[in-house]
Amino acid sequence: MSRRIVLLFSLLLFLIPLADAQQPFRFVAFGDTGSGSKAQQRVADQMWSWMHDHPFKVVVMLGDNVYGNHEISGGGDPRFFHDKFDLQYERFQQAGVVFHAAVGNHDMQTRHAQAEIDDVRRFGILGHDGYYQFSSPGEYDVAGRPLVEFFCINSELHGVKLTEQTAWLDKALGGSKAVWKVVFLHHPLYTVRGQHSPAVELRELIRPALEKNHVQIILAGHNHFYARMKPVDGALQIISGGGGRHLAFPRNDACAILSERKYHFVGAEAYPDRIQFTAIDQYGAKFDDVVVDEGILKQGTLGCPKR
């Protein structure tokens, strides 16, 4: 064996461990939380346990962050922030975890979610109309590129404000150099049946921006269950609406890998070449665990999403 080959082999042996040496950027996602229920508290307790073994500093909330005491009124009212947010999540914020929320339909019941938008300390909504972007900390950058960049959409906007949001999203995605682009919002762009219909009009409006700019992950709530959909146009969507409100009954669907009627949260670990998603129920049991990479994202399914 020549000296050059020996040197190359030694270099490979040195570099292989470095491929996984970077610590993952971890975050948690869940939606439809703010009911003040015992289930919400149990999910929060499991998140706390998860954090000790999988330390994370970011939580993305997928809307309906604070419900009222009635179905059609009181959502987003600051009178309920303590009982339906602080009691469950204040300990995380005291430990340095930052929450970033999307606006849900129930949040809109009080002044169009203005109290939540204004309360940046609690809900981390960084745009005055409820849409915004943020990135993983610089320590996780890959060759000067953010490892993960998040783009929050306000799926409750209409008219001129929706047009402005769509233009912003296209520009923001186009300017992103992130390895992983994650869009999160309240209303799912496609879903299994069992509760609410998909946001078809919004989906068709923003779909060109998502495809052109290679968004890989979409996170949504609104439907009170868990569903991991099959990849569509190079993006995988997870619905996580089991954060604490009453559960719905998802149906089997050819466009879904898995759907479950469980209270839960989703933990994520992002590396340069993959993101691992783990769904944990209110009792600490893992019921979904998947590694998402570019190979999986190319496995689209003909006819999905259904139009």
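The values are calculated or read from the model by the stated rules, or taken from the named source; none is laboratory data. Since we're looking at a predicted model, the values are computed, not measured. For neighbour counting, all protein chains shown are included, and Cβ atoms are generated from backbone atoms with ideal geometry for every residue, glycine included. Heavy atoms of the whole protein, side chains included, go into the accessibility calculation; ligands, DNA and RNA do not. Shrake-Rupley method; radii C 1.70, N 1.55, O 1.52, S 1.80 Å.
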Check your understanding: For the chain, which whole-number percentage of the solvent-accessible area (1.4 Å probe, protein heavy atoms only) is attributable to carbon and sulfur atoms?
Key -> 55 percent
Exercise for review: Using the structure shown, select from 286/306; 84/212; 212/262; 230/286; 57/286; 161/286 the pairs with a Cα to Cα distance greater than 31 angstrom.
Suggested key: 84/212; 212/262; 161/286
**Study point:** Those Cys residues of the chain for which no other cysteine Cβ falls under 4.7 Å
**Key:** 152
Point to revise | Computed over the chain: relative contact order in percent, which uses C-alpha pairs under 8 Å that are six or more apart | key: 19 percent
**Study point:** Global size of the stretch 97-222 as Cα Rg and Dmax, reported in angstrom
**Key:** 14.5, 44
Check your understanding: Rolling a 1.4 angstrom probe over the protein heavy atoms, how many square angstrom per residue are accessible across the stretch 221-307?
Key -> 41 Å²
Review point. In the stretch 143-190, how does Rg compare with the Kirkwood Rh, expressed as the Rg/Rh ratio over alpha carbon atoms?
Key: 1.03
Study note, to complete from the structure: Probe 1.4 Å, heavy atoms of protein chains only: per residue, the accessible area of the stretch 144-205 in Å² is 41 Å²
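Quick one: which of 227-240, 42-55 comes out on top by average Cβ neighbours within 10 Å, and what's the full order, highest first?
Those peptides, ordered most packed to least, come out 227-240, 42-55.
For the stretch 30-90, with every protein chain kept in place, what is the accessible area per residue (1.4 Å probe, Å²)? Intermediate results must be reported in sequence, preceding the final value.
Values: 2430 Å² over 61 residues.
For the stretch 30-90, the solvent-accessible area averages 40 Å² per residue.
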Exercise for review: Bin width 10 Å, alpha-carbon pairs only: give the P(r) of the stretch 175-262 as whole percents, running from 0 to the bin holding the largest distance.
Suggested key: 18, 51, 25, 5
Check your understanding: Out of 41, 109, 94, any idea which swings most in a Gaussian network model of the chain, alpha carbons joined below 10 Å?
Key -> 94
Review point. In the neighborhood of residue 96, defined by Cβ-to-Cβ distances under 15 Å, what is the net charge if each Lys or Arg adds +1 and each Asp or Glu adds -1?
Key: +3
Point to revise | Cα point-scatterer Debye curve for the stretch 98-138, base-10 log of I(q)/I(0) at q = 0.16, 0.18, 0.25, 0.29 Å⁻¹ | key: -0.37, -0.46, -0.81, -1.03
Study note, to complete from the structure: In vacuo Debye sum over C-alpha of the chain, base-10 log of normalised intensity I(q)/I(0) at q = 0.13 Å⁻¹, listed in q order, is -0.87
